[in-house]
Amino acid sequence: MSYSELRINARGQKDIDARLYSCVEEVGSALAIVAHPYAPLGGSQDDHVVRALAKSLAGVAGLDTVTFNYTKPFALTPAHASNDYMLVLRHMIEMRQGRYGKFVLVGYSYGTLTLPSMEILTAALPHGVVSDVRYVLHDDFADMVVARSLCAYSPGRKACADHLWHIG
């Protein structure tokens, strides 16, 4: 499984280092973004679980998959990390000219806390982009407290809960 290196402009901050995993020559119709564990404890896009998730999502599920490192790993709050996540998502939508119709937002361990909520996604992205979003929470750390916070302000909490997948 190959990947290409990406540098994403973080708007006045250090650029975001990212990787795009893809198993096909053509642009896929779905995008997955994997958030890594807590950086001060060694988490990064080089984490073996993050790489395995990315390779599986790209190679088995056929999704374009992005991993990335946060801009300020040692001064990191979930809100700051969520902002980085949104920058990566916006960049990929712009880079692929809106060709993605489905999105899989993946968090591993601490990364589950950084996933943007449905409310943030709806407010920040063009109309209709979030029509098919799925969350994947990997690790026991990602309990229903995290799941509820992702959907807390969603217009239809039941509908949002249907978008959650928990593995691990």
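The values are calculated or read from the model by the stated rules, or taken from the named source; none is laboratory data. Keep in mind it's a predicted model, so treat the numbers as computed, not measured. Heads up, the Cβs are rebuilt from the backbone with ideal geometry, glycines too, and the neighbour counts pull from every protein chain shown. The protein model used for the area step is the full one, side chains on, heavy atoms only, and it has no ligands, DNA or RNA in it. Shrake-Rupley method; radii C 1.70, N 1.55, O 1.52, S 1.80 Å.
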| said: Restricting to segment 89-130, count the residues that are modelled with pLDDT under 80, open to solvent by 50 Å² or more (accessible area, probe 1.4 Å) and in contact with a Gly (Cβ under 8 Å, 6 or more places away or on another chain). | reply: 1
| message | Just to be sure I understand, how many residues within segment 45-74 are out of contact with any Leu (no Cβ under 6 Å at 6 or more places or on another chain) and either charged (D, E, K, R) or at positive phi (or both)? | response | 6
| message | Would you confirm, using the coordinates I've provided, whether residue 61 is in a loop (DSSP other than H, G, I, E, B) and either touching a residue at least 40 places away in the same chain (Cβ under 8 Å) or out of contact with any His (no Cβ under 6 Å at 6 or more places or on another chain) (or both)? | response | yes
| task | Please state which of the following conditions residue 63 fails to meet, knowing it meets all the rest: (1) at pLDDT 85 or above; (2) of a type in the set (A, V, I, L, M, F, W, C); (3) closer than 23 Å to residue 134 by Cα; (4) out of contact with any Ser or Thr (no Cβ under 8 Å at 6 or more places or on another chain). | result | (1)
| field | Hits in segment 31-58 (condition: in a helix (DSSP H, G or I) and of a type in the set (A, V, I, L, M)) | value | 39, 41, 49, 50, 52, 53, 54, 57, 58
| message | Quick check on my filter: what residues within segment 5-23 are under 13 Å from residue 45 (Cβ atoms) and open to solvent by less than 50 Å² (accessible area, probe 1.4 Å)? | response | 6, 8, 16, 17, 18, 19, 20, 21
| Given (1) open to solvent by 60 Å² or more (accessible area, probe 1.4 Å); (2) modelled with pLDDT under 80; (3) not β-branched (Val, Ile, Thr), index of the condition residue 51 fails | (2)
